[in-house]
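Values quoted throughout were computed directly from the atomic coordinates according to the rules given, and no laboratory measurement underlies them. Being a predicted model, the structure only gives us computed values, none of them experimental.
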């Protein structure tokens, strides 16, 4: 394979660059150290806008519906949040 082949079009079409509002939940949880109380997560990241299948939402409003109050690991936190927001395709914003 030559250098010219590397600079040609990608092997997979990347499609249009649609904007997605909000941060991925995994990014938010990766910024925290664990274990963590829900109130501390709200204090540190509550104003962060998170991507959800229903559109972007502030984490503080999501946490109001989360049953757990203490999370040993980020996976436990993410599971509780996904129980509230659901899973599925994330809407994009046309710009």
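Give, in nm to one decimal, the length gained when the segment between residue 69 and residue 37 is fully stretched (0.36 nm per residue of separation minus the Cα-Cα distance). Full-extension gain reported as 10.9 nm.
Both radii were evaluated on the Cα set of region 20-85; the Rg over Rh quotient, with Rh as the Kirkwood radius, amounts to 0.91.
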